[in-house]
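Below is one structure, written out as structure tokens; the observations come after it.
The values are calculated or read from the model by the stated rules, or taken from the named source; none is laboratory data. Being a predicted model, the structure only gives us computed values, none of them experimental. Methodologically, a virtual Cβ is constructed for each residue, glycine included, from the backbone with ideal geometry; neighbour enumeration extends over all protein chains shown.
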Amino acid sequence: SSRERALATPAVRRLARELGLDINFVEGTGPDGRVLAEDLRRVASGGGQRVSAPTQDDFSEPG
Amino acid sequence: MVVGEFTEQADLLVIGGGPGGYSAAIRASQLGRSVTLVERENIGGVCLNVGCIPSKALIELSSRFHELDSLSKKGVVTEDAHIDPIVLSQTVTGSVERLTSGVRQLLKAAEVEIVEGEASFVGPNEVRIRASHETSRIKFKDCILATGSSPRELDGFTVDHQRVLDSTDLLFTPVIRRDLIIIGGGYIGVELGSAHARLGTKVTILEMAPEIVMGVEPEIQRTLRTVLREMGVEVRTGVEVHGMKTVGDSVVVEITNGELTEEIRGNAVAVLVGRVPNLDDDLGLAMAGITIGSDYRVEVDDQMRTSNAHVFAIGDIVPGPMLAHKAYYEAKVAAEVAAGQQAGNDATVIPAVIFAEPEVAVAGLGEQEARSRYPDNVLVAKFPYRANGRAIVLGASVGEVKLIALADSRRLLGVHIVGIDASNLISEAVLAIELGATIDDLALTIHPHPTLSEMYPEAAEVAQGLPTHIIVQQQRNK
Amino acid sequence: MVVGEFTEQADLLVIGGGPGGYSAAIRASQLGRSVTLVERENIGGVCLNVGCIPSKALIELSSRFHELDSLSKKGVVTEDAHIDPIVLSQTVTGSVERLTSGVRQLLKAAEVEIVEGEASFVGPNEVRIRASHETSRIKFKDCILATGSSPRELDGFTVDHQRVLDSTDLLFTPVIRRDLIIIGGGYIGVELGSAHARLGTKVTILEMAPEIVMGVEPEIQRTLRTVLREMGVEVRTGVEVHGMKTVGDSVVVEITNGELTEEIRGNAVAVLVGRVPNLDDDLGLAMAGITIGSDYRVEVDDQMRTSNAHVFAIGDIVPGPMLAHKAYYEAKVAAEVAAGQQAGNDATVIPAVIFAEPEVAVAGLGEQEARSRYPDNVLVAKFPYRANGRAIVLGASVGEVKLIALADSRRLLGVHIVGIDASNLISEAVLAIELGATIDDLALTIHPHPTLSEMYPEAAEVAQGLPTHIIVQQQRNK
Ligand SMILES: Cc1cc2nc3c(=O)[nH]c(=O)nc-3n(C[C@H](O)[C@H](O)[C@H](O)COP(=O)(O)OP(=O)(O)OC[C@H]3O[C@@H](n4cnc5c(N)ncnc54)[C@H](O)[C@@H]3O)c2cc1C
Ligand SMILES: Cc1cc2nc3c(=O)[nH]c(=O)nc-3n(C[C@H](O)[C@H](O)[C@H](O)COP(=O)(O)OP(=O)(O)OC[C@H]3O[C@@H](n4cnc5c(N)ncnc54)[C@H](O)[C@@H]3O)c2cc1C
């Protein structure tokens, strides 16, 4: 599959879990669409953008 | 079932005291769980006792010994250098003792209760512990399973620790053997083969697959083979091992290579044909409702939970490479989830290092995998050790750094290194990939001079078509 | 002015063939400029000929020699090890030759025209070149100035290369001296002092400042001093050097330490008291309208442009640490801007490495600087080498990794390492800071086991209050 999981750093991925968000449904405003901590906080506080469909697929593949 | 067994209660029970188990125990305790750890053998597991640590101690010393010859030619003259195998072996043992006693202290400081014995499930939230003189039972609220792995056995080769050896025999080696046959060209075979060759043993490696260390980039396999050959290691790939006999002081291993049958004679044979998760029936997984997958690993979700919601599994017994740092990472995910946090196993990269001659280190996708996943969108660039100032200073001209990136976004996908100190270099690549760095980020980050790490920006410049310290004709933009 | 000088035209003229000059020349040529490079001495400049490269070659060999003793105790036995100073010196020279001839090839492949001679400006876009037998003139469209630096002289100490030495004398050393006085405890003094001490010379370092290697973290200074003392190096700080005389075969250096006057006697004295940019009047900067700042460095903007819009300046002659990797970075900025690209000198981090015993490596802010810049918002965490598996295996228990981060956003600000292989570890920290990584990113990135790089996530875990392999009592959350 050429679809990718959301681009985000390990700490941001962790933050998404803590906020109860599926990071793959959050629109990233960083370079290359990368999801930033601010994007997550915005969504969590109801203000931000959720993308309607996952841009992404599996979490399972290790690098 | 023994009548009158004493039953204790545990808040969080950890089974197995290897890298997975002990680090899970420490983290869970830090986060407020009350932790009991059961270990049937040695705290520290395979890694600290008979794996990573003693192997790297031996490899390091063998490497220092081996380079004495070339040092003499450079002005650091040693004429009668030799190995004292007894002292060498004591040094290796000393490293192990220092680390395992350290881990015992860490567990004590974290107030982890240690129970000696072998655990097996007798129900979904209960285990029986068999110790040397008694058995007991522990009822747990939650459990982290980290029983690790054991050497795979090979039909017809019964390890007797005299003529037929396992990896542990090769680590605590109080003699330098004249010669040694190693069955298995995986990373452990290649690491220990390199180490013993450096100590002066004539090593032959027999591998069934068409190449050694399957899975790493073909260029790396080629470099490894070339260097091993130059060191006098004989590598035979695509051979099938049929059996062995002892003849006087020697072992004779019978192999076939296509149609041809051959006998290989040596002083001893070591069986290093991989490892099997410790999941046998004695463990009673079925009693606890824990499912094993078709790959003979425990099935877990992305929070390391097994099919029993109160049991987590981590380390060599769950899918993925059998490596200590994978166990450490999974241990923390499991411990944090068990402590009510929202952790998840979502690492992009699990690096792998082979401490052979030369070292190999890998992070992220291989070239073939990248090209099939992202057709026509892959950029590959290499930079050789022989063009790096520090490598020249070290006299280490063999090797290269290979970067694999997306052509459009230029994001780094994989890094593959063969050459001196690859083990020390690779973590920068892991971080780069985890952070979503691009080729250009690498090129524009100032790397100190003169260091091996400069090969990162140099390779990135090759990818940009603007190499500095290497001539890549077709890439000039003029 | 000589009558009838021949005047040539150059599209882009580079003055100086050191790391700055030669890499600027290559990059500019790759981007389409036609490049002429003038060098008055040796291609490769200080770094390749008498700096980074030979010093690291000597340091590496001295380190290998020095560890032979401890290796013997570990089972790799060498009894009559000794240095052959002639061969050692040839090895050092060999590294230099290999690298400088490599750079000549690179310049040739990049079609850079090399002119031998000393350049001085005679106007805003013209230089005169003085070679051994002739002078000529070159009119340039654009120019990149990279004339580097020379050793600072010390009143009363005239370098005669016999009793009064410069750094170059210490690099190509065909004898092992009985003892050596080094004036200057900067990084070069400490590096070369360590190297000669390892080779068996009794070294005394005299430093005027209250500490050696000013600017690095105080803990690192202390560790360095302790290790140097254990090696038999005498370090005297806060002393003033007044003069010297020769008495028979010895030199006597007169120092004052507060009120006290003292004489220090030795076989030779080396003057390593810093470096001065090559900007003397002969260069004719005024003729070209190029301004020198109050720090005696050429003033440049963030695209390396001097006050003459057609002249760029890079390397040791412009502000910032005098380090080769800074020169390389600035060279590429200047070359790209000269080729019409929008590059800029905006690196967050210029790392520094000291190849002493032990190694020191630094990236980003120091603790004091961080605390004053971000009051009450700084997090500091340390992890010691003695708790790292690979360090234990290497028998390298001295040292630590120190992380400095913002407490609120947890973003990494600085990393300071003292200990074995610090030089190889630091680039990961540079990249982390450049990419804006947090403490948590470091902790969650899987670092291969067993490697020294694991100290990054371990120190990050200390910052999180969740240390794994070290006991930090007050930080437990239970
Ligand atoms: C020679 C060699 C070299 C290696 N080198 C490296 C290397 O350089 N880098 C690397 O990352 N990895 C290396 N490995 C692999 C590494 O050792 C393993 O990946 C790692 O030990 C796995 O950790 P673990 O906690 O899952 O299991 P283990 O370390 O296997 O620990 C499991 C523990 O559980 C105990 N146990 C098992 N069953 C029970 C039971 N029923 N009750 C109680 N206790 C039980 C065992 O006694 C053991 O102590 C090497 C392995 C070998 C053999
Ligand atoms: C002992 C020692 C060890 C060092 N170790 C390190 C280290 O490990 N890492 C590190 O990063 N740095 C190190 N340095 C510093 C490093 O060498 C310098 O930072 C680097 O060389 C600066 O590069 P540059 O191009 O600015 O100048 P230079 O390397 O000084 O080159 C300038 C060149 O210009 C030529 N030149 C000068 N004037 C003229 C003129 N008028 N006409 C024509 N040519 C001219 C000179 O001959 C010279 O070749 C060390 C220095 C020393 C002395």
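See the values below:
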{"item": "Residues satisfying the stated conditions in region B:376-407, i.e. at pLDDT 95 or above and in a loop (DSSP other than H, G, I, E, B)", "result": "B:D376, B:N377, B:N388, B:V398, B:A407"}
{"item": "Residue within region C:39-55 that is within 30 Å of C:E230 (Cα to Cα) and either within 16 Å of ligand 1 (Cβ to nearest atom) or in contact with a His (Cβ under 7 Å, 6 or more places away or on another chain) (or both) present", "result": "yes"}
{"item": "Subset tally (residues that are at the interface with another protein chain (Cβ under 9 Å from one of its Cβ atoms) and either assigned to a loop (DSSP other than H, G, I, E, B) or surrounded by fewer than 24 Cβ atoms within 10 Å (Cβ to Cβ) (or both)) for region C:445-470", "result": "13"}
{"item": "Meets criteria (more than 9 Å from chain B (Cβ to nearest Cβ) and within 30 Å of C:K74 (Cα to Cα)) for C:A396", "result": "yes"}
{"item": "Matching entry among C:I144, C:I181, C:I188 (being at pLDDT 95 or above, of a type in the set (A, V, I, L, M) and within 30 Å of C:L12 (Cβ to Cβ))", "result": "C:I144"}
{"item": "Restricting region C:371-387 to residues that are over 13 Å from C:A463 (Cβ atoms) and in contact with a strand residue (DSSP E or B) (Cβ under 9 Å, 6 or more places away or on another chain), the residue that is farthest from the other protein chains (Cβ to nearest Cβ)", "result": "C:R371"}
{"item": "Pick from region B:419-450, criterion out of contact with any strand residue (DSSP E or B) (no Cβ under 7 Å at 6 or more places or on another chain) and within 16 Å of ligand 1 (Cβ to nearest atom), ranking: farthest from B:I392 (Cα to Cα)", "result": "B:S427"}
{"item": "Verdict on C:G18 being within 6 Å of ligand 2 (Cβ to nearest atom) and either in contact with a Gly (Cβ under 9 Å, 6 or more places away or on another chain) or away from chain B (no Cβ under 14 Å) (or both)", "result": "yes"}
{"item": "Test for B:R198: is it more than 13 Å from ligand 1 (Cβ to nearest atom) and within 18 Å of B:L58 (Cβ to Cβ)", "result": "yes"}
{"item": "Unique match (being surrounded by 16 or more Cβ atoms within 10 Å (Cβ to Cβ), of a type outside the set (S, T, N, Q) and free of Cβ contacts under 8 Å to residues at least 24 places away in the same chain) among B:D84, B:D166", "result": "B:D84"}
{"item": "Region B:297-333: number of residues that are more than 9 Å from ligand 1 (Cβ to nearest atom), hydroxyl-bearing (S, T, Y) and within 19 Å of the chain's Cα centre (by Cα)", "result": "1"}
{"item": "Candidates C:D166, C:D160, C:D84, filtered to the one that is more than 29 Å from C:L31 (Cα to Cα) and within 14 Å of another protein chain (Cβ to nearest Cβ)", "result": "C:D84"}
{"item": "Yes/no for C:I392 being on the phi < 0 side of the Ramachandran plot and out of contact with any strand residue (DSSP E or B) (no Cβ under 9 Å at 6 or more places or on another chain)", "result": "yes"}
{"item": "Single match in C:S23, C:S63 (criterion: polar (S, T, N, Q) and within 12 Å of ligand 2 (Cβ to nearest atom))", "result": "C:S23"}
{"item": "Odd one out for B:L272, checked against (1) of a type outside the set (F, W, Y); (2) away from ligand 1 (no atom under 11 Å from the Cβ); (3) surrounded by 19 or more Cβ atoms within 10 Å (Cβ to Cβ); (4) in contact (Cβ under 8 Å) with a residue 60 or more places away in the chain", "result": "(2)"}
{"item": "All positions within region B:120-161 that are within 16 Å of ligand 1 (Cβ to nearest atom), part of a strand (DSSP E or B), under 26 Å from the mean Cα position of the chain (by Cα) and not hydroxyl-bearing (S, T, Y)", "result": "B:C143, B:I144, B:L145, B:P151, B:L154"}
{"item": "Residue match in region C:423-438 (condition: buried (at least 24 other Cβ atoms within 10 Å of the Cβ), among the β-branched types (V, I, T) and away from chain A (no Cβ under 14 Å))", "result": "yes"}
{"item": "Any hit, region B:219-242, residues being in a loop (DSSP other than H, G, I, E, B), outside the structural domain of B:V401 (by the TED database) and within 16 Å of ligand 1 (Cβ to nearest atom)", "result": "no"}
{"item": "Number of positions in region B:59-74 that are more than 9 Å from chain C (Cβ to nearest Cβ) and either closer than 16 Å to C:A391 by Cβ or surrounded by 15 or more Cβ atoms within 10 Å (Cβ to Cβ) (or both)", "result": "2"}
{"item": "Residue match in region C:320-341 (condition: more than 9 Å from chain B (Cβ to nearest Cβ), among the charged types (D, E, K, R), in contact with a Gly (Cβ under 6 Å, 6 or more places away or on another chain) and buried (at least 24 other Cβ atoms within 10 Å of the Cβ))", "result": "no"}
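Per-residue answers, yes or no, for (1) closer than 26 Å to C:M287 by Cα; (2) within 11 Å of chain B (Cβ to nearest Cβ); (3) touching a Lys or Arg at 6+ places or on another chain (Cβ under 7 Å); (4) away from ligand 2 (no atom under 14 Å from the Cβ):
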{"residue": "C:E39", "(1), (2), (3), (4)": "yes, no, no, no"}
{"residue": "C:G44", "(1), (2), (3), (4)": "no, yes, no, no"}
{"residue": "C:C47", "(1), (2), (3), (4)": "no, yes, no, no"}
{"residue": "C:V76", "(1), (2), (3), (4)": "no, yes, yes, yes"}
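One line per residue, one yes/no per condition, for (1) more than 22 Å from C:S23 (Cα to Cα); (2) surrounded by 16 or more Cβ atoms within 10 Å (Cβ to Cβ):
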{"residue": "C:Q105", "(1), (2)": "no, no"}
{"residue": "C:A110", "(1), (2)": "no, yes"}
{"residue": "C:I114", "(1), (2)": "no, yes"}
{"residue": "C:G117", "(1), (2)": "no, yes"}
{"residue": "C:I129", "(1), (2)": "no, yes"}
{"residue": "C:E134", "(1), (2)": "yes, no"}
{"residue": "C:F140", "(1), (2)": "no, yes"}
{"residue": "C:I144", "(1), (2)": "no, yes"}
